[in-house]
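One structure below.
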Amino acid sequence: MPTFADAAIDAAAILADDVAVGPFAVIGEGARIGAGTRIGAHVVIHGGTHVGEGCEIQDGAVLGKPPKLARHSRASRAAAPPLRVGRGSVLCCRAVVFAGAELAADVIIGDQAYVRERARIGAGSMIGRGSAVDNDVVIGARVRVQTDVYITANSVIEDDVFVGPAVCTTNDSTMGRHDGDYRIVGARLRRASRIGGGAVICPGIEIGEEAFVAAGAVVTKDVPSRGVAMGVPARVVREVPDADRLERWR
């Protein structure tokens, strides 16, 4: 294993010969770092984390952080498996990605973004600066999540979705006043749907395939495929024209 001045690398960590490690990085027991990966200063990679080939882990990022749940949290308390980061992915400065998450190839996690346990992010997707992806979220391929977005637990975002800045999804209509039988359900954003900046998606709402939600809308009812919804509360006012469908903009 290569040695690096000022870095703390556990003897049981496995690093490819050409990995670059910045000063004061910490790499835990059993972590595996693929060929060509660059690790910045003050990065923390917890034990067991698997980082694929050709990744970039920028200064101050934390990989494989163990979850710490609040007493009242209903998220699973089972031990999270190691974080897996796909080849060619970039974790920007101060990003935090928990143990149990899975990032496919060529994912970008922006500066100060936060990805919790059991979240899965598909190939080529991007999570913008300061955005939070909660536990048990599934995000497909080529999804673009912009700055300061909150993706609530148990949400599903399918391939090619665009989520504008400061969008907020929610999953609890009672706001914490429910018993153990209450089912928390996040948003369902279907393939190639687009959500404008500052929109709020209420618990359990489905945004249909190729649908469009205007900026600032508060969505309290499902939006059908190709529907254009706007307003507070949002209502469907027309249909997305053929000229705006994804296949015209590949």
Q. Pick from the stretch 66-105 the residues that are more than 24 Å from V19 (Cα to Cα) and of a type in the set (D, E, K, R): which of them is most open to solvent (accessible area, probe 1.4 Å)?
A. R71
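If we scan the stretch 52-66, do we find a residue that is out of contact with any Phe, Trp or Tyr (no Cβ under 6 Å at 6 or more places or on another chain), in a loop (DSSP other than H, G, I, E, B) and closer than 30 Å to R177 by Cβ? Before the answer, list the steps.
Within the stretch 52-66, the subset out of contact with any Phe, Trp or Tyr (no Cβ under 6 Å at 6 or more places or on another chain) is 52-64, 66.
Narrowing the set further to residues that are in a loop (DSSP other than H, G, I, E, B) leaves 52-55, 58-61, 66.
With the extra rule that they be closer than 30 Å to R177 by Cβ, the set shrinks to 66.
Within the stretch 52-66 (the criterion being out of contact with any Phe, Trp or Tyr (no Cβ under 6 Å at 6 or more places or on another chain), in a loop (DSSP other than H, G, I, E, B) and closer than 30 Å to R177 by Cβ), the answer is yes, since at least one residue qualifies.
What about D10, is it free of Cβ contacts under 8 Å to residues at least 60 places away in the same chain, more than 23 Å from the chain's Cα centre (by Cα), open to solvent by 10 Å² or more (accessible area, probe 1.4 Å) and over 30 Å from G180 (Cβ atoms)?
Numbers: free of Cβ contacts under 8 Å to residues at least 60 places away in the same chain: yes; more than 23 Å from the chain's Cα centre (by Cα): yes; open to solvent by 10 Å² or more (accessible area, probe 1.4 Å): yes; over 30 Å from G180 (Cβ atoms): yes.
Considered against the rule, which asks whether it is free of Cβ contacts under 8 Å to residues at least 60 places away in the same chain, more than 23 Å from the chain's Cα centre (by Cα), open to solvent by 10 Å² or more (accessible area, probe 1.4 Å) and over 30 Å from G180 (Cβ atoms), D10 comes out as yes.
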(Q) What's the number of the only condition in (1) modelled with pLDDT under 95; (2) among the hydroxyl-bearing types (S, T, Y); (3) open to solvent by less than 30 Å² (accessible area, probe 1.4 Å) that S193 fails to meet? (A) (1)
(Q) I need every pair where a residue in the stretch 39-58 that is in contact (Cβ under 8 Å) with a residue 12 or more places away in the chain and on the phi > 0 side of the Ramachandran plot has its Cβ under 8 Å from the Cβ of a residue that is assigned to a strand (DSSP E or B) and open to solvent by less than 10 Å² (accessible area, probe 1.4 Å), sequence separation at least 6 or different chains. (A) G48/G64
Q: Please go through the stretch 111-133 and pick out each residue that is touching a residue at least 40 places away in the same chain (Cβ under 8 Å), open to solvent by 20 Å² or more (accessible area, probe 1.4 Å) and over 22 Å from G40 (Cα atoms).
A: R118
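Give the residues of the stretch 218-233 that are more than 18 Å from V185 (Cα to Cα) and either surrounded by fewer than 19 Cβ atoms within 10 Å (Cβ to Cβ) or hydrophobic (A, V, I, L, M, F, W, C) (or both), sorted by residue number.
Of all residues in the stretch 218-233, those more than 18 Å from V185 (Cα to Cα) come to 224-233.
Selection gives P224, S225, V228, A229, M230, G231, V232, P233.
Return the only residue of V240, V213 being crowded, with 16+ Cβ neighbours inside 10 Å and under 14 Å from V167 (Cα atoms). Break it down into steps so the answer makes sense when it comes.
Values: V240 fails: under 14 Å from V167 (Cα atoms).
When all the criteria are applied, what remains is V213.
The values are calculated or read from the model by the stated rules, or taken from the named source; none is laboratory data. Bear in mind that the values here come from a model prediction, so they are computed numbers and not experimental data. Counting neighbours? That spans all protein chains shown, and the Cβs are built from the backbone with ideal geometry, glycine included. Note: areas computed on protein heavy atoms with side chains; ligands, DNA, RNA excluded. Shrake-Rupley method; radii C 1.70, N 1.55, O 1.52, S 1.80 Å.
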